Amino acid sequence: YVPRDVWTPELLRALRLQPAVNDGDLVAIEAPGPLALEAVTVEGWPCAALPIVYAELRYLDTDQAREAADRLMPRLLEVPA
């Protein structure tokens, strides 16, 4: 967690961050393991790594998100050749 007074305009520009409408805090957490940081592209566009997408879907906890997470799980369990 980063105190609000740390966010100078220069730092915000360097990180390409924008202030939130409700002036919320940015939460900085420890980086996930290497599996979550692997570059992923879909049709040439950069995307979040599958473990991050799966975690977000489970966090949303809607019927649609749970179904999407269930469909994603087999891809997460694939062992790279």
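Every read-out reported here was derived from the displayed coordinates using simple, explicitly stated rules and does not represent laboratory data. The structure displayed is predicted, hence computed values, not measured ones. Counting neighbours? That spans all protein chains shown, and the Cβs are built from the backbone with ideal geometry, glycine included.
Amide H contacts of residue 40: 47, each under 5 Å away and 5 or more positions distant or on a separate chain (H built 1.01 Å from N in the peptide plane; Pro and chain starts excluded).
Residue 48 to residue 7: FRET efficiency via 1/(1 + (r/R0)^6), r the Cβ-Cβ distance, R0 25 Å, to the nearest 0.05? Provide the component values of the computation, followed by the final result.
Details: r = 24 Å, r/R0 = 0.94.
The value I calculate is 0.60.
Protection proxy ranking, highest mean first, for peptides 56-62, 40-46: 56-62, 40-46, where packing is the per-residue count of other beta-carbon atoms within 10 Å, averaged.
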